[in-house]
Amino acid sequence: LTSYMISKMNKDTMKFHTSSDLLLARDLKETVCYVAEDYEQEQKNIEANGKAKETTFKYPDGQVLKLTDLCFKVPEFLFHPHVLGLDATGIQTLLSESILACDEHMQPELLKNICLGGGNTMFHGFDKRIENEMKKAFPNNQIATVTTKQRGFEAWLGGSILCQHSSFLKKIIP
């Protein structure tokens, strides 16, 4: 997502060339990007208003960057990979398929406990969008997401717990 954002920004506004620029771009993405609750409606709002909502980001050197629709288009890739020209399945479809692959008696419980983890789940609005997408896919079920403030690092936390388990060393390939 950061690379996509950089490619769009290189065309439109600023240039990113160094590794420190990459870190700055990641910070920019994590600060200003958000998941639209309804992507199509967000697009219609832009068309109706003639422009997108403007968001500003202040660089460490004091420069100010103004961004518009890129703020919600970058994370939309998670739901509609074709935005980047990729032939892949969106996260909401993968989640639905995973739940449907489970025993049907477990599905309602899974839908009430959708655990979000990983850095991209930190985008503002991500949890609400997942809930909305699951309500469309499973209209007769209660839907709820479970989030923590550390969810951006939960894979690392889980890995650190796993490697402390006494049987872990027996399972690795030296």
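The values are calculated or read from the model by the stated rules, or taken from the named source; none is laboratory data. Here the structure is a predicted model, which is why all the values come from computation and not from measurement. Positions of Cβ are generated from backbone atoms using ideal geometry, with glycine treated the same way; all protein chains shown enter the neighbour counts. Protein only, heavy atoms only, side chains kept; ligands, DNA and RNA dropped before computing areas. Shrake-Rupley method; radii C 1.70, N 1.55, O 1.52, S 1.80 Å.
Structural remarks
- Size of electric dipole in the chain: Cβ of Lys, Arg +1 and of Asp, Glu -1, about Cα centre, debye, nearest 20: 480
- Structure-derived log10 I(q)/I(0) by the Debye sum over Cα atoms at q = 0.13, 0.18 Å⁻¹ - corresponding label in (i) -0.81, -1.24; (ii) -0.68, -1.21; (iii) -0.57, -1.13: (i)
- Hz values of 3J(HN,Hα) by residue in segment 127-144 - Karplus curve (6.51, -1.76, 1.60), Gly and Pro given as x: 5, 5, 5, 4, 4, 5, 5, 6, 5, 5, 6, 10, x, 9, 10, 7, 10, 8
- Cα gyration tensor, segment 8-99 - rounded (a/c under 1.5), prolate or oblate: oblate
- The listed residues Glu154, Glu37 rank as Glu37, Glu154 when sorted by accessible area, largest first, using a 1.4 Å probe.
- Distance from the Cα centroid of segment 91-112 to that of segment 26-45 is 26 Å (rounded to whole angstrom).
- In order through segment 24-33: 3J(HN,Hα) via Karplus (6.51 cos²θ - 1.76 cosθ + 1.60), integer Hz, x for Gly, Pro: 5, 5, 5, 4, 4, 4, 6, 8, 9, 7
- Probe 1.4 Å - accessible area at Asp127, Å² to nearest ten: 50
- Sites listed here are GluC sites (Glu not before Pro) in segment 51-104 whose DSSP assignment is loop and whose Cβ has at most 13 other Cβ atoms within 10 Å: Glu54, Glu104.
- Using the 1.4 Å probe convention, the accessible area of the chain works out to 66 Å² per residue with neighbouring protein chains retained.
- Note: relative contact order over segment 1-139, using C-alpha pairs below 8 Å and six or more positions apart, is 25 percent.
- Of Ile46, Ile161, Ile143, the one that fluctuates the most in a GNM where the chain has Cα springs shorter than 10 Å: Ile161
- Proximal lysines relative to Lys128, as straight alpha-carbon distance under 21 Å, when same-chain residues fewer than 8 apart are discounted: Lys29, Lys44, Lys53, Lys73, Lys112, Lys136, Lys149
- Rounded to the nearest 10 degrees, the angle from helix 154-164 to the longest Cα principal axis of the chain is 40 degrees.
- Gain upon complete extension [Ser160, Leu22; 0.36 nm per residue less C-alpha separation]: 47.0 nm
- Loop-located trypsin sites (Lys or Arg not before Pro) in segment 45-145 whose Cβ has at most 11 other Cβ within 10 Å (DSSP): Lys51
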